[in-house]
Structure formats: C-alpha cells, structure tokens
Amino acid sequence: MSQRNSHDEAQKSRVYPARDAERSERCFDDEKTPVPVSAQSPIGVFDSGAGGLTILTALRAELPYEHFIYIGDTRHVPYGMRTEAEIIDLSINACRFLQEQGVKLIVVACNTASQAALSTLRATFALPFVGVVPAVKPAARLTRSGRIGVMATNQAVRAAYLQQLIDDYASGVEVFAVGCPELVTLVEQGQLDGPEVEATLQQSLAPLLAQDVDVIVLGCTHFPALHASIQRVAGNKVQIIDSGKAIARRVHAVLEADGLMRSQNTPGELQVWCSGDAQDFSRVASKVLGYAVQAQHVDL
C-alpha cells in the first residue's frame, strides 16, 4: 500500500469531534474506571481559561436546573500555542479532576482541546463527552457571497480537522482562516471593550474583511466574549456566529437520551475552579459571565 493510501485509510478511521455524541472505538480498558453518577450529578465544563465561560452561559440558559463545575486551566493558557501532545496531557489532567468531582458528563469547552484531545478523552474516561466544533456548517449555509471567515487559535487554524470540516460542510464556499491568539490574551485579562480592544480587533479582522467575507465564525470559545466589539469592527453587513447554543442543545439531548436530566425543582448551582490565580480569575470570570463568582484554586 502506498504512503498516500495509508494516510487516506488513517484519515477515514479517525474519530472527529464534530460527531460529539460518539464514543471512540479505541478504548483503554485498563484506564477507564466507571464512576457512579446520577441525574443529580453535576456537569463538568473545562477550557484553557476564561473562554469556556461563553459556553457555560449557553449551557446554563438551556439547562437552568443542572449543577455545573467549571475549570479554567489558567496556569497553562493559551492552549493554542502548545503542541498537540501537551494539549492532550493538560486535557486529561483537567478531566481527571472533574471525574473526581463526580460529574456525569464533560463539555470540552475549548476548540483547540476538542480538536486535539477529544478522541483520547473518550477512550480514557468512562463518561460522555461533548466537544466544541467551529460553526463552519451553518456559516456555509448563511453566506450569500460564498466567502466566509474563521477566527481561531494558531493551533486550530493549522489543524487538519478544520480542513476536514471545510471539506465536509463548505464545499463550493471559499473559507479564509486566521489565527488570533492576541484575542485570547485580551479575554484572559478581562479586556472586552474599549479603544485597545478595538484597535487589536481591527488588525486581527483586516485579513478577513479584505476578502469581503459576509459571515465570520468565532472558532475559539474566548472570542464570543468579544462579540459586540467584533461586530462593531466588522460592520453590520457581516454576520458573526459561534457554536454556543448548538453545543448546549447537544448536551441537553445527550442527557435526555441517557436519562440523566436533573429534576426541575430547584435552580442548579455553579462551582468555578482554576489552576492559576483564583482572585484574578474570579474578576475575569465575573466580567465574562455578567455576575459575581468566586473561583477556587486547584493544582493541575
């Protein structure tokens, strides 16, 4: 078999995060330890930092009676500048912590971690996982000009998975992807608006706007925290979309299918953890969420 054919066969057998209800066929049975869960158990959500809080917002709106445990790996942010091997190791550490807290499902609220680590996480932990997928498919449906842009991290832009999404769902559409790690830094610092943010966004968006795109996909969960500023810089003729609501609906469907929906008697509670400075993350998280939270520190 030629090298090219071997590569093609490997690609066909790969489990892609877009199929986020699937379990990997590749299971490390000696590593997977079932943990008793019930409908009352919390949902785990993790990201490299504050970005996944945008997904948490969508989840709490869709599932207001569920308990949530959120962890931001702020000690190691940003994941988008790390190797795939590093991202996998860091993701396993975060999920191990969430498993120890007794969660019934884990949302990988990080595009970079979803692309790099989701198959390994499914093979390692006896829990259902839902990953984050860049909204390429709906963007391809929305565009009228046939030209869409994707803003992501450097690692996500380079990943073969993004090209796979484009091939699967955006054939016949021109897709322009740019890495914007500087936007992750803004959100991690709690800078969501103002002259400095606008100046940075003008520089970041310039390559996409120069291509006359009419839809921009926010392919990193940090970026929806800047949605209002991005829309202002891009202009009203450009639609800005992300996958937060779709991910929340997916989690709802998985819980319902598994009989793990919490009863609708009292509002769900939220715990927030981080691997870096808890006081600083509390400030940033409160700003992104729009209400006060007190983060706790955990070593990862």
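Scanning the range 205-238 for residues that are assigned to a loop (DSSP other than H, G, I, E, B), on the phi < 0 side of the Ramachandran plot and surrounded by fewer than 23 Cβ atoms within 10 Å (Cβ to Cβ) yields a count of 6.
Residues in the range 25-52 that are under 19 Å from the mean Cα position of the chain (by Cα) and either part of a loop (DSSP other than H, G, I, E, B) or modelled with pLDDT under 85 (or both): 42, 48, 49, 50, 51, 52.
Taken residue by residue, the range 40-62 has at least one member that is under 27 Å from residue 159 (Cα atoms), of a type in the set (D, E, K, R) and not assigned by TED's automatic domain parsing to the domain that holds residue 218.
Among the residues of the range 140-183, those that are within 22 Å of residue 199 (Cβ to Cβ), surrounded by fewer than 20 Cβ atoms within 10 Å (Cβ to Cβ) and more than 15 Å from the chain's Cα centre (by Cα) comprise 176, 178, 182.
Within the range 153-212, the set of residues being among the acidic types (Asp, Glu) and within 16 Å of residue 228 (Cβ to Cβ) comprises 193, 196, 198.
Selection within the range 239-252: residues that are within 16 Å of residue 44 (Cα to Cα) and either surrounded by fewer than 20 Cβ atoms within 10 Å (Cβ to Cβ) or among the basic types (Lys, Arg) (or both). The member of this set that is farthest from the chain's Cα centre (by Cα) is 252. Among the candidates 90, 127, 121, which residue alone is more than 18 Å from residue 258 (Cβ to Cβ), among the aliphatic types (A, V, I, L, M) and in contact with a helix residue (DSSP H, G or I) (Cβ under 9 Å, 6 or more places away or on another chain)? The match here is 90.
Grab the helices (runs of 4 or more DSSP H) fully contained in the range 119-202, keeping just those with 2 or more residues being within 26 Å of residue 95 (Cα to Cα). It would help to see each step written out before you state the result.
Working: elements: 136-142, 154-158, 160-169, 181-188.
Qualifying helices (runs of 4 or more DSSP H): 154-158, 160-169, 181-188.
The values are calculated or read from the model by the stated rules, or taken from the named source; none is laboratory data. Since this is a predicted model, take the numbers as computed values, not measurements. No Cβ is skipped: glycine too gets one built from the backbone with ideal geometry, and neighbour counts run over all protein chains shown.
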